[in-house]
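See structure below.
The values are calculated or read from the model by the stated rules, or taken from the named source; none is laboratory data. Bear in mind the structure is a predicted one, so any value in this text is a computation, not a measurement. Cβ: placed from backbone, ideal geometry, glycine included. Neighbour counts: every protein chain shown.
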Amino acid sequence: MTSVRVSAVFRRRILAMAVLLLLPLALGAGSAAAATTSPTGARKFLDDYTKLGLTTFNDKSLDAAAKKQKIRGMIGDGFDIETIARFVLSRHYRSLSDTQRAEYHQLYFDYVLSTYFKRLIDFGKLNLMLIDTTSAQDGDALVNTKADRPDGPPLRLQWRVRANDAGSFKIVDIIAEGVSIAVTQRSDFNAVMSSKGYPGLVDALKQKIRDAEK
């Protein structure tokens, strides 16, 4: 069990925090798991990962820039950003050139980090408890947790964890109270792609990054 001190955290902020990245169960269909993921291994991975996050968020020796850099590394290590980015762009991803895909992956990473960095600080105030772990039909492991909140009932978070060919675990989905932020992202991104094409998406992501860093 991972437990950290609770403070008043609004549901919207927790849901936004969960987006990190944050991705739907449909990810299992878009990128099949390499093999059955061990529920026990997935639980240990998530327990260790959240403890590392707690240590980073509460490290008073780090200034904002250093903390953001460490969180960037955590996101890259713990989440399958490439799979997430492909899913969010869905069918439009196939139309991108190799150069555009590389640019898009970097922009998506920066967008996630910049947009949710301040909200991620709330993670360090969250009382996150591991409940149990089950196996999904596609071979992924689902780690069920709950977050105590002083202003309402516990918030339930489900983490979809996948083991790759090398045996490393990656988070490919987080569902908060049955809501996946990635579904909304997918709808928004595809709307921009359909109306303004890839250049419009690039402009939109860069603007969101600039706005978040003000």
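Checking the structure you have, find out if any residue of segment 179-195 is at pLDDT below 85 and farther than 21 Å from Gly78 by Cα.
Yes, segment 179-195 contains a residue that is at pLDDT below 85 and farther than 21 Å from Gly78 by Cα.
If you take the residues of segment 54-67 that are assigned to a helix (DSSP H, G or I) and in contact with a Ser or Thr (Cβ under 9 Å, 6 or more places away or on another chain), which of them is modelled with the highest pLDDT?
As a first pass, look at segment 54-67 and keep what is assigned to a helix (DSSP H, G or I): 54-57, 64-67.
Imposing the further condition that a residue be in contact with a Ser or Thr (Cβ under 9 Å, 6 or more places away or on another chain) reduces the set to 54, 67.
Working: Leu54: 80, Lys67: 86.
If we take residues in segment 54-67 being assigned to a helix (DSSP H, G or I) and in contact with a Ser or Thr (Cβ under 9 Å, 6 or more places away or on another chain), then Lys67 is modelled with the highest pLDDT.
Of the residues Leu46, Leu89, Leu96, only one is over 16 Å from the mean Cα position of the chain (by Cα) and aliphatic (A, V, I, L, M); which?
Leu96
Of all residues in segment 194-214 being hydroxyl-bearing (Ser, Thr, Tyr) and loosely packed, with under 15 Cβ neighbours inside 10 Å, which is nearest to Tyr93 (Cα to Cα)?
Residue satisfying both the conditions and the ranking: Ser194.
I need every pair where a residue in segment 147-175 that is free of Cβ contacts under 8 Å to residues at least 12 places away in the same chain has its Cβ under 7 Å from the Cβ of a residue that is surrounded by 14 or more Cβ atoms within 10 Å (Cβ to Cβ) and in a strand (DSSP E or B), sequence separation at least 6 or different chains.
Short answer, once both residue conditions are applied: Pro154/Lys146; Pro154/Ala147; Pro154/Asp148.
Checking Gly78 against (1) touching a residue at least 24 places away in the same chain (Cβ under 8 Å); (2) surrounded by fewer than 21 Cβ atoms within 10 Å (Cβ to Cβ), which test does it fail?
It is condition (2) that Gly78 fails.
Which one of these is closer than 16 Å to Phe45 by Cα and surrounded by fewer than 16 Cβ atoms within 10 Å (Cβ to Cβ): Ala141, Ala191, Ala166?
Ala166
Which is among the acidic types (Asp, Glu) and out of contact with any helix residue (DSSP H, G or I) (no Cβ under 9 Å at 6 or more places or on another chain), of Asp211, Asp203, Asp165?
Answer to the selection: Asp165.
Any idea how many residues of segment 145-163 are surrounded by 14 or more Cβ atoms within 10 Å (Cβ to Cβ) and modelled with pLDDT under 80?
The qualifying residues number 1.
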